[in-house]
Each structure stands twice: as structure tokens, then as C-alpha cells.
1. Of all the residues that make up segment 359-378, how many are of a type outside the set (A, V, I, L, M, F, W, C), at pLDDT 90 or above and closer than 13 Å to residue 430 by Cβ?
2. What pairs come up if the first residue lies in segment 56-84 and is in contact (Cβ under 8 Å) with a residue 12 or more places away in the chain and among the basic types (Lys, Arg), the second is surrounded by 12 or more Cβ atoms within 10 Å (Cβ to Cβ) and in a loop (DSSP other than H, G, I, E, B), and their beta carbons are under 9 Å apart, counting only those six or more places apart or on different chains?
3. Please state which one of 321, 343, 289 is buried (at least 19 other Cβ atoms within 10 Å of the Cβ), among the small types (Gly, Ala, Ser) and closer than 25 Å to residue 264 by Cβ.
4. Residue 214 passes all but one of (1) part of a loop (DSSP other than H, G, I, E, B); (2) at pLDDT below 90; (3) surrounded by fewer than 20 Cβ atoms within 10 Å (Cβ to Cβ); (4) not β-branched (Val, Ile, Thr); which number fails?
5. Only residues that are free of Cβ contacts under 8 Å to residues at least 40 places away in the same chain, within 18 Å of residue 370 (Cβ to Cβ) and not small (Gly, Ala, Ser): list them for segment 400-417, please.
6. What is the number of the single condition among (1) part of a loop (DSSP other than H, G, I, E, B); (2) over 26 Å from the mean Cα position of the chain (by Cα); (3) assigned by TED's automatic domain parsing to the domain that holds residue 283 that residue 356 does not meet?
7. Just the residues that are without any contact (Cβ under 8 Å) to a residue 60 or more places away in the chain, among the charged types (D, E, K, R) and surrounded by 14 or more Cβ atoms within 10 Å (Cβ to Cβ), please, taken from segment 225-257.
Amino acid sequence: MKSQYEALEAVKQAGFPVNPNIMLCRDISEVIEYCRRWEEKRNSLDYEIDGMVVKVNEIEKQKILGFTGKSPKWAISYKFRAETAKTKLTGITVQVGRTGALTPVAELEPVKIAGTTVKRATLHNEEYLEKKDVRGGDFVFVEKAGDIIPEVTGVSLPDRRKGLKKFKMPDKCPVCGEKVFKYEDEAIRRCINIKCPAIVEGSIFHFGSRDAMDIEGLGNALVKQLVSSGIAADIGGLYELDVFKIANLERMGVKSAEKLIENISKSREKDLSNLIYALGIRNVGKQTAEVLADEFGDIEKIVSADEKRLAEIDDIGPIAAKNIKDFFALPETKQILEKLRGAGVNMKQKKKKAKDARFKGLVFVFTGELEKYTRGEAQNIVKSMGGKTSSSAGKNTTYVVAGENPGSKLEKAKKAGIKVVDEKEFLGMIGESRGGKNAESKKKNKEDTLF
């Protein structure tokens, strides 16, 4: 078969279901027109769609175009405009996230959007609320951002009744009642009470997430029960749980409780970088956590580091440095660390001796898409060869590796005089070629998935 269309026809002849609305277009204007027509009649289908997929038809041309690390270059999705509906806003409530951020939420008269009934929608933050001038009792326009998250996009002013009052964000946390703060550089009010139940729930759930301590079975519903029942007052309390405390909770039992305790116990051995990320420090993501763990190797050294020392590290900067220092200075943080230490949680970075140390002392930054590896895979290769990676180019950066469609990091690197290499040069540095065994295997796997 020489084309995508032929392949689909062959599959249909073999008795497999094929979407009856596929279309072979002669040129791009025909593609655009077909997408436009389906955007108008999307609601006539028995199922929900949020766009179309446009593919190059000829298989040989698909092979020439190839793949990025994530997707084929010969196919692209065309997203329809988000579906909008008008409904009445019955009230505005405020929810508290794991970082203490207060988010206004629109409570709505139920309305159907993109196949689901929407009763609540985000209003993002205080500035967004003021800018849109949304008031309880208004008729508002709601859409799903990316056809997923409902949000209020505007107000139908002609429908506004007289006397509707502007909503005022609370000065006290709606969950714990403590005073909330709004920092100058943020559009968000925050509860900073580390013992606030909403923050405790969020922090425990985050602590057990996959990129953190990876505690399987520690779902949101279970976390809510642990906190509301007083069984776990903070993340340190997880290591004080026993089977009998958990087994009687809703939708649990002895076997589920035993498995959870086993998974919690396994998490004690996680790397320091996992623990740092799991603590939920503001502006400290997974990459920054790895940088801190590699730089200091011991949580006590991070705790005792001053703000200037932290800010000098690539990937940290003054804002994250202040957040890190402030976090570890809190008495509550010290108590939690003491609990974790007493429970036998690992607080040192495990030494990973590189078999190949060719990149020792070198720092790499990746920008754009690589053809052979994902960015994460390429970063792991650098680390396995003794090097370090950073998410931003700085004075300590040795190389910037530029793939396709590079971002602002490339221009920054050029202005700073940092050495820039392309993917071919990088593969040469690690002793591979673009068309090596791994690339062929990856390419073959993707070609096998034709549709």
C-alpha cells in the first residue's frame, strides 16, 4: 500500500470499523474547508469531537518527514474553537489548593458543554475576577479550555440585574479561618497556615504522587479520609500509619491497607531529589529538586545553605532561593523533617557512579525537539556520563543542544557566547549517530502504528 487512504480502505474491506467521515483532499484549501464544515456540524455526531487530524497521504512522504521525539511530523491536529454556553452564576465560592492558593470558583446552573454537564467553573484568581467583573446572579459565558477545564470567559451585561454586588475575596481562609496574605508579585491570595486541612490534604496527595515518593494507592479520596479522621495530620504522619488504622476506612480493607503500608515503607528508600520535590516547596519542581540534590547531596546541607549560596546555583535564582530558605526556616517544616528522619526516610542523595565520566564538570541545556530522544531521555544520558543538565542557560552552562523549533534559550545562549550544538553533534559526543540501532527501532515502532 502506498498511501494512508489505501490502508484505511483495506482495513474497511477486511471488516474493521473505519470512521465514515474520512476525506482525501487535493490541496490545503480543501483541507481547511473540510475542517470548517465539520466545525459547524460537530454537534450532529453521536459522539464528541474537539477537532480533526490532518495527515500526509503518501507513505513514502511520511517516511521522509519522519518523527520528532514525541510525534509524527506528517500529522497534525486541527482544534475547533471551544464550545461556549450561557448559564446563570448562582454564587462564587473559594477553594484552597495545596500551596494555600485561594481560587474563586463559579457555581453555575447546570449547562451542557462538549458532552458533559458543567456545574462549576474556574475564575482563576482575584485579578481575573475583577477584570471580568463577574458577580453572583450574573448570566455568564462558559467554555472548556482545551475542551477539558470549564472556565468563565465573560458576562452577559444586558442580562445583569440591578443591585448585584461585586464579589470580595476573603481576608481569612475559608477552610481554617486563619488570615490570608497576598504577595506583591502575585495575583493570588494564600493561606500560609501549614496545618490548614486543605493544605494538609494537598501536600499529602502531592507527597505520594508518582514524581515525588510514588506511593501507589494513596489516592485523593483516601487522603481526605486520613485528614478528616485525624489519622494523618501531615506528611510525616504517613509513616505512623498501621493496618488497623486504615482497614476500617471507607472502601478499604485489610488487604488494601497492608498493600498501602508496604508501598509507604518502600518510599523510605527514594532518592533525596524525590523527597525535596515531595515536600512541595514553592517554585521547586522536579528538575530543580534534582539540581539541589546533586549540588548538596544531603538535606541538612540544603537547610543550612544561605540564600545567596542557593541563588548562585543554575536553575535556582533569587525567587526560588528565597522560597527554599523561607520553607526550611518554618518551625513546622523542622518538625516534619524530624518526623521523616525518625521514620527512617532517606535524606541523602544516593551516589550514582558514572561508568563513563566524559561529561564530568559540564552542564547541558536542551531546547527544541530532538528526533532520536525525548528531552528527558537525553538529560538522563548526560547524567549517566557524569554531566549535569539545567532548564535554563546561564554562566555555568557549557553546551546548549538545539533541536527543532528551539525556544528563547537558543538566542540567549548565542548572546552569552555559549557553545550551541545541534542534535547530530550531540549524538557524536555520546558516541551515537542519528540513524543508529535505537533510532531505527524507534522509527520501526512508530511505523508499525500506522493509524
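1. The qualifying residues number 0.
2. Taking only residues 6 or more apart or on different chains, the pairs are 61/74; 63/74; 70/374; 79/50; 79/147.
3. Details: 321 fails: closer than 25 Å to residue 264 by Cβ; 343 fails: buried (at least 19 other Cβ atoms within 10 Å of the Cβ).
After applying the criteria, what remains is 289.
4. Looking at each condition in turn, residue 214 falls short on (2).
5. Those that are free of Cβ contacts under 8 Å to residues at least 40 places away in the same chain, within 18 Å of residue 370 (Cβ to Cβ) and not small (Gly, Ala, Ser): 400, 401, 405, 406.
6. Among (1) part of a loop (DSSP other than H, G, I, E, B); (2) over 26 Å from the mean Cα position of the chain (by Cα); (3) assigned by TED's automatic domain parsing to the domain that holds residue 283, the lone unmet condition for residue 356 is (3).
7. First, pick out the residues of segment 225-257 that are without any contact (Cβ under 8 Å) to a residue 60 or more places away in the chain: 225-233, 238, 241-257.
Subset that is among the charged types (D, E, K, R): 242, 245, 250-251, 255.
Within segment 225-257, 245 is the sole residue that qualifies.
Here is a yes/no grid of residues against (1) closer than 23 Å to residue 186 by Cβ; (2) surrounded by fewer than 18 Cβ atoms within 10 Å (Cβ to Cβ); (3) of a type in the set (Gly, Ala, Ser):
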site: 104; (1), (2), (3): yes, no, no
site: 108; (1), (2), (3): no, no, no
site: 112; (1), (2), (3): no, yes, no
site: 131; (1), (2), (3): yes, yes, no
site: 136; (1), (2), (3): no, yes, yes
site: 139; (1), (2), (3): no, yes, no
site: 144; (1), (2), (3): no, no, no
site: 152; (1), (2), (3): yes, no, no
site: 162; (1), (2), (3): no, yes, no
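The values are calculated or read from the model by the stated rules, or taken from the named source; none is laboratory data. Just so you know, these numbers come straight off a predicted model, no measurement behind them. Here Cβ is always computed from backbone atoms with ideal geometry, including for glycine, and neighbour counts include all displayed protein chains.
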